[in-house]
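Please read the structure below before turning to the comments.
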Amino acid sequence: MLNDPLAAALAKIMNAEKVGKREVVIRPASKMVKMILQLMNERNYLGTFEEVDDGKGGFLKVNLLGNINQCGVIKPRFSTKFRDVEKWEKRYLPAKDFGVIFITTPKGITTHLEAKDKQTGGRLLAYVY
């Protein structure tokens, strides 16, 4: 039993990136993992991914591009206001405008840049650069 499917998925992606693999299988598939992968795909950190339903929770086949330097979850899931996002940017990202932090907001899972534009806060989920 996994306690944190998102942490397991990002660790699997990071390990596969380090050894130079082109594809990784993530199981089990969850809505939050799919949403994070979709946001990573939009920002060209990952290639395409497909969901395969095997009757046991399903799994995701993710194509890797080799664009990820580091990714991980943020534990504990700190609450933040949109004014305080810059503080978390300095803590988790190596430079300004390099990488993204994923935040779950009342309007859905977004990046820290979109949360600042929409002026909404939320809980920190993960980062990638």
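Residues whose amide H falls under 5 Å from that of Leu65, counting only those 5 or more places apart or on a different chain, are Gly47, with hydrogens built in the peptide plane.
If we count other beta carbons within 10 Å of each Cβ, what is the order of Glu51, Glu17, fewest first? Each step should come with its number before you reach the end.
Working: Glu51 12, Glu17 20.
With the fewest neighbours first, Glu51, Glu17 line up as Glu51, Glu17.
Annotation: amide H of Gln70 within the under-5 Å range of Tyr129, sequence separation 5 or more or interchain, hydrogens built in the peptide plane. The phi-based Karplus calculation (6.51 cos²θ - 1.76 cosθ + 1.60; θ = phi - 60°) puts the 3J(HN,Hα) values of the range 67-75 at 9, 9, 8, 7, 8, x, 8, 10, 10 Hz, whole numbers, x for Gly and Pro. Under 5 Å between amide hydrogens, built in the peptide plane, is the criterion, and for Ala126 it picks out Ile74, Phe102 among residues at least 5 positions away or on other chains.
Just so you know, all these numbers are worked out from the coordinates, no wet-lab data involved. Keep in mind that what you see is a predicted model, and the values were worked out from it rather than measured. Neighbour counts run over all protein chains shown; Cβ positions are idealised from the backbone, glycine included.
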